[in-house]
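Enquirer: Mind looking over this structure? Questions follow.
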Amino acid sequence: MMGRIAGFVLRMLPVMAAAVPLVAAARLAGAYRLKNHGLTTTLRHEAGLWAFLLFLVGLAAVTILPPGGQFIPPSWSRVNLRPLVVLADSLAAMRAGDGMYFVINVLGNILMFLPLGFFPCLLWGEGKNGLLRGAGAALLASLCVEFCQLFQPRAADVDDLWLNALGGALGYGVYQAIRRLRPGWADGWRVRPSGE
């Protein structure tokens with residue numbers, strides 16, 4: 001189990017490291033834009049934004065970029081449109097003594113998209129319908145991933161869509177839980193008017 005998780009991390013890290021100069025340039029431009037609007041960033045906001053942006057790059061590295069750079073023509077044989085197959089497959093795998101299938105295909109799909117519901121609320125506020133926005137952001141990102149996987153030697157699966165959306169919703173729930181336990185905590189993660 002740890003070997004497969006380490007494999008994902010090892011695929012993410014080099015791409016994340018390569019993205020550091022691009023994120024730095026984007027953040028310099030972002031700070032300049034904030035200044036023009038009478039706003040200033042905070043150290044926590046920048047740390048959270050860097051973490052979120054680099055995570056998104058890493059997520060793209062393991063989901064959108066094909067292993068070995070190999071693109072292939074799409075095929076319906078690699079597409080699952082029947083919902084809940086992942087749960088039936090997980091149950092069958094657990095009965096056979098393989099709990100790893102559930103960890104990677106169910107928990108992994110949920111946890112990898114949890115930041116899409118958490119970080120936007122933390123960094124920019126939840127606004128109206130925060131739960132819907134968190135789940136929707138994860139769902140849209142998941143649709144993009146599944147479309148890109150049509151052109152890879154991987155499967156596109158409808159179960160990934162709802163599991164990823166659930167991850168976004170849970171990310172929003174984590175944000176709400178922290179906010180309730182520590183009122184005012186999120187304020188330090190957001191930009192503020194200059195001079196405050």
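The values are calculated or read from the model by the stated rules, or taken from the named source; none is laboratory data. The structure displayed is predicted, hence computed values, not measured ones. Methodologically, a virtual Cβ is constructed for each residue, glycine included, from the backbone with ideal geometry; neighbour enumeration extends over all protein chains shown. Protein only, heavy atoms only, side chains kept; ligands, DNA and RNA dropped before computing areas. Shrake-Rupley method; radii C 1.70, N 1.55, O 1.52, S 1.80 Å.
Enquirer: Of all residues in the range 118-145 being touching a helix residue (DSSP H, G or I) at 6+ places or on another chain (Cβ under 6 Å) and not small (G, A, S), which is farthest from V86 (Cα to Cα)?
Expert: Among those residues, the one meeting the criterion is L123.
Enquirer: I'd like the residue in the range 170-196 that is modelled with pLDDT of 95 or more and among the small types (G, A, S) and, out of all such residues, is farthest from L116 (Cα to Cα).
Expert: A177
Enquirer: For the range 180-196, give me each residue that is crowded, with 16+ Cβ neighbours inside 10 Å and of a type outside the set (K, R).
Expert: A186, W189, V191
Enquirer: Report whether or not T41 is within 26 Å of R133 (Cα to Cα) and more than 21 Å from the chain's Cα centre (by Cα). Step through it out loud before you land on a result.
Expert: Working: within 26 Å of R133 (Cα to Cα): yes; more than 21 Å from the chain's Cα centre (by Cα): yes.
Considered against the rule, which asks whether it is within 26 Å of R133 (Cα to Cα) and more than 21 Å from the chain's Cα centre (by Cα), T41 comes out as yes.
Enquirer: With the structure loaded, tell me whether A61 is under 27 Å from R133 (Cβ atoms), open to solvent by less than 40 Å² (accessible area, probe 1.4 Å) and under 20 Å from the mean Cα position of the chain (by Cα) or whether it fails that test.
Expert: Working: under 27 Å from R133 (Cβ atoms): yes; open to solvent by less than 40 Å² (accessible area, probe 1.4 Å): yes; under 20 Å from the mean Cα position of the chain (by Cα): yes.
Criteria met by A61.
Every residue, every condition in (1) in a helix (DSSP H, G or I); (2) closer than 22 Å to I5 by Cβ; (3) open to solvent by 70 Å² or more (accessible area, probe 1.4 Å), yes or no:
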residue	(1), (2), (3)
D89	yes, yes, no
N105	yes, yes, no
A137	yes, no, no
S142	yes, yes, no
P153	no, yes, no
N164	yes, yes, no
I178	yes, no, no
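Enquirer: Is one or more of the residues making up the range 92-102 touching a residue at least 12 places away in the same chain (Cβ under 8 Å) and open to solvent by 40 Å² or more (accessible area, probe 1.4 Å)?
Expert: Within the range 92-102, one or more residues are touching a residue at least 12 places away in the same chain (Cβ under 8 Å) and open to solvent by 40 Å² or more (accessible area, probe 1.4 Å).
Enquirer: Which condition from (1) within 20 Å of L139 (Cα to Cα); (2) free of Cβ contacts under 8 Å to residues at least 40 places away in the same chain; (3) open to solvent by 40 Å² or more (accessible area, probe 1.4 Å); (4) not hydroxyl-bearing (S, T, Y) is the one that L54 breaks?
Expert: (3)
Enquirer: For the range 97-119, check the following and say yes or no: at least one residue is of a type outside the set (D, E), under 17 Å from S142 (Cβ atoms) and more than 20 Å from the chain's Cα centre (by Cα). Give the steps one after another, and end with the answer.
Expert: Going residue by residue through the range 97-119, those that are of a type outside the set (D, E) are 97, 99-119.
Next cut, under 17 Å from S142 (Cβ atoms) only: 104-119.
Checking which are more than 20 Å from the chain's Cα centre (by Cα) leaves us with none.
No, the range 97-119 has no match at all.
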